[in-house]
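The values are calculated or read from the model by the stated rules, or taken from the named source; none is laboratory data. Just so it is clear, the structure is predicted and the values come from calculations on it, not from any experiment. Methodologically, a virtual Cβ is constructed for each residue, glycine included, from the backbone with ideal geometry; neighbour enumeration extends over all protein chains shown. To get the accessible areas, we keep the full protein, side chains included, count just its heavy atoms, and leave off ligands, DNA and RNA. Shrake-Rupley method; radii C 1.70, N 1.55, O 1.52, S 1.80 Å.
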Amino acid sequence: MFRSLIVLAEIALLITVLQTPFAQYLFKDIQDTLSDWLVALAEIPEKRELSSIRHDANSQLSALRPFQLDYLNEITQSRTSLSHFHLQYCKGKEINPYINGPHLHRFCSVIQKSTLLDLHT
């Protein structure tokens, strides 16, 4: 009987402590940190593929001017910007003010060889 009263008192104390603002803040902080780690872990394959695309494009298009290479590096910073570029300039055939002609065709072929756009669709 005495043990059950002690266990009930411990449970009541634990519930009271867990409802304090400090405990709630601590749990939220732990949840935010773990969420950030999981997001970073999930983005590793995407970052590797973007880096591979950037490397292939820089090696195949080394004759570009520095501002054009900066533009390609900017495009390959995220899957969203790469996908937008691919839809607009590779598939949509709109005129790109920075890259055109054979350079655009080579960059589009580098994008199409990657698996990054396949993962998203």
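Filter the range 81-90 down to residues that are open to solvent by 20 Å² or more (accessible area, probe 1.4 Å) and either among the aliphatic types (A, V, I, L, M) or modelled with pLDDT under 90 (or both), then give me how many there are. Write out each step before concluding.
Kept after step one, since they are open to solvent by 20 Å² or more (accessible area, probe 1.4 Å), are these residues of the range 81-90: 81, 83-84, 87-89.
Next, only the ones that are either among the aliphatic types (A, V, I, L, M) or modelled with pLDDT under 90 (or both) stay: 87.
Residues meeting the conditions: 1.
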Item checked: Among residues of the range 54-72, those that are outside any loop (DSSP other than H, G, I, E, B), touching a helix residue (DSSP H, G or I) at 6+ places or on another chain (Cβ under 6 Å) and not charged (D, E, K, R), counted -> 3
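Table: residues versus (1) open to solvent by less than 100 Å² (accessible area, probe 1.4 Å); (2) hydrophobic (A, V, I, L, M, F, W, C).
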{"position": "45", "(1), (2)": "yes, no"}
{"position": "53", "(1), (2)": "yes, yes"}
{"position": "59", "(1), (2)": "yes, no"}
{"position": "65", "(1), (2)": "no, no"}
{"position": "79", "(1), (2)": "yes, no"}
Next item on the list: Take residue 50 and decide whether it is closer than 18 Å to residue 118 by Cα and of a type in the set (A, V, I, L, M).
Entry: yes
